[in-house]
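*Asks:* My questions all concern the structure below.
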Amino acid sequence: MILYYDLHIHTALSPCADNDMTPNNIVNMALLKGLDVIAVTDHNSAENARAVIKAGEKAGLTVIAGMEIETSEEVHVLSLFPSADAAEEVQRQVYRSLPDAKNPENIFGSQLLFDESDNITGKNERLLLTATSLGITEVFRLVAAAGGIAIPSHVDRPSYSILSNLGFIPDELPLTAIELSKNISDKNEFYKMRPELKKYKAVFNSDAHSLGDISEKINFIDVLHNKPNEIIRFFG
Amino acid sequence: MKISDLIEKLDLKLITRPDYTDKEVTGCYVCDLLSRVMSMAKQGDVWITVQTNLNIVAIASLTEAACIIVPEDIEVDYDTVLKANSKDVTILGSALDGYSLCVRLGALL
């Protein structure tokens, strides 16, 4: 079956995302755009994943629990998990690896937590918008151990990307897929410059921080079932 | 000046094998974005970086930098040390920060 996807969406838990990035707003916007599956991927946290999954279940949209983990090299890694439980298991390690500091809300923005009815249930007080002390190899290991998949975010971008920060993809990394940002209008032009990246599956996501930025019905995969595990397997 | 002189004058810790400390040091480059280092560092440079990922070894080889200095007593990944030893790359450690290292290096080079 053909599934239209957007596997990189921030909720209002990410300080840099709009505060109307609530579970139901995201789910309904994704449905309006004609998507079949989305992933919620907040910075170093999956605390809103469960609420968005529940909102998705009610409305008929598959939602994958994810996280955008920042490695010690300041590389952003999109991590997708088979369940909220698996995401929260890795989240525990991520929290242990964050500095003991509070989010400066007046500078970065608030980190809102929701239930599945969009009620604000609290705020995450941790400084999430920063690097963990986990190296990229360790992040890949942790995500795989939880049954998930790690995909370097927006590899073509000049900041927080594996190519800008590490120069090239380390041979040792068990990498199967890379995310290309929407800055890339012509995939073939990009591959002409970086032919070594052709061997990885390419994922095109919105990295939406506001509702209007969620992907249109453009990018799709062809899989057997619309289930998180199946989508993880596709990119694995 | 040789790497061995640098180790002595800046009180650096030798993290990798001591075999290549007679290499000549001619300049310095400071940057943590490896994509930039790849195109900007020059042969003979001391490269100061807080990055300790495996890729620093390949980039030091590629640019023919004389050695890498990791500042602020940051621990270097074990895999990186192993790889540096196999690729003849010298990694040094310092308790100083990048700025303090540059000030001292500037007086020596």
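The values are calculated or read from the model by the stated rules, or taken from the named source; none is laboratory data. Predicted model, so just to flag it, every value in this text is computed and none were measured. As a convention, Cβ positions derive from the backbone with ideal geometry for all residues, glycine included, and neighbour counts pool all protein chains shown. These area figures cover heavy atoms from the full protein model, side chains too; ligands, DNA and RNA do not enter into them. Shrake-Rupley method; radii C 1.70, N 1.55, O 1.52, S 1.80 Å.
*Asks:* Within the stretch B:33-56, which residues are open to solvent by 40 Å² or more (accessible area, probe 1.4 Å) and modelled with pLDDT of 95 or more?
*Replies:* Of everything in the stretch B:33-56, those that are open to solvent by 40 Å² or more (accessible area, probe 1.4 Å) and modelled with pLDDT of 95 or more turn out to be B:M40, B:K42, B:Q43, B:V50.
*Asks:* Moving on. Would you pick out the residues in the stretch A:102-114 that are in contact (Cβ under 8 Å) with a residue 60 or more places away in the chain and either open to solvent by less than 40 Å² (accessible area, probe 1.4 Å) or of a type in the set (A, V, I, L, M, F, W, C) (or both)? First the steps, then the outcome.
*Replies:* Residues of the stretch A:102-114 that are in contact (Cβ under 8 Å) with a residue 60 or more places away in the chain, as a first pass: A:103, A:105, A:108-114.
Those that are in contact (Cβ under 8 Å) with a residue 60 or more places away in the chain and either open to solvent by less than 40 Å² (accessible area, probe 1.4 Å) or of a type in the set (A, V, I, L, M, F, W, C) (or both): A:N103, A:F108, A:G109, A:S110, A:Q111, A:L112, A:L113, A:F114.
Per-residue answers, yes or no, for (1) over 30 Å from B:I56 (Cα atoms); (2) in a strand (DSSP E or B):
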residue	(1), (2)
A:V63	yes, yes
A:I69	no, yes
A:L78	no, yes
A:R92	no, no
A:L113	yes, yes
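*Asks:* Given the criterion surrounded by 17 or more Cβ atoms within 10 Å (Cβ to Cβ) and in a helix (DSSP H, G or I), identify the matching residue among A:L129, A:L142. Can you show your working first?
*Replies:* Numbers: A:L129 fails: in a helix (DSSP H, G or I).
Every option except A:L142 fails the conditions.
*Asks:* Separate question: Please give the number of the condition B:L62 fails out of (1) within 14 Å of chain A (Cβ to nearest Cβ); (2) open to solvent by less than 60 Å² (accessible area, probe 1.4 Å).
*Replies:* (2)
*Asks:* While we're here: Quick check: anything in the stretch A:11-30 out of contact with any helix residue (DSSP H, G or I) (no Cβ under 6 Å at 6 or more places or on another chain), open to solvent by 30 Å² or more (accessible area, probe 1.4 Å) and free of Cβ contacts under 8 Å to residues at least 60 places away in the same chain?
*Replies:* Yes, the stretch A:11-30 contains a residue that is out of contact with any helix residue (DSSP H, G or I) (no Cβ under 6 Å at 6 or more places or on another chain), open to solvent by 30 Å² or more (accessible area, probe 1.4 Å) and free of Cβ contacts under 8 Å to residues at least 60 places away in the same chain.
*Asks:* Another question, if that's okay. Only residues that are more than 21 Å from A:A144 (Cβ to Cβ), free of Cβ contacts under 8 Å to residues at least 40 places away in the same chain and part of a loop (DSSP other than H, G, I, E, B): list them for the stretch A:158-181, please.
*Replies:* The answer is A:P158, A:S159, A:G167, A:F168, A:S181.
*Asks:* Looking at the stretch A:139-170 only, could you name the residues that are aromatic (F, W, Y) and more than 9 Å from every other protein chain (Cβ to nearest Cβ)? Break it down stepwise before answering.
*Replies:* First pass over the stretch A:139-170, keeping only residues aromatic (F, W, Y): A:140, A:160, A:168.
Of everything in the stretch A:139-170, those that are aromatic (F, W, Y) and more than 9 Å from every other protein chain (Cβ to nearest Cβ) turn out to be A:F140, A:Y160.
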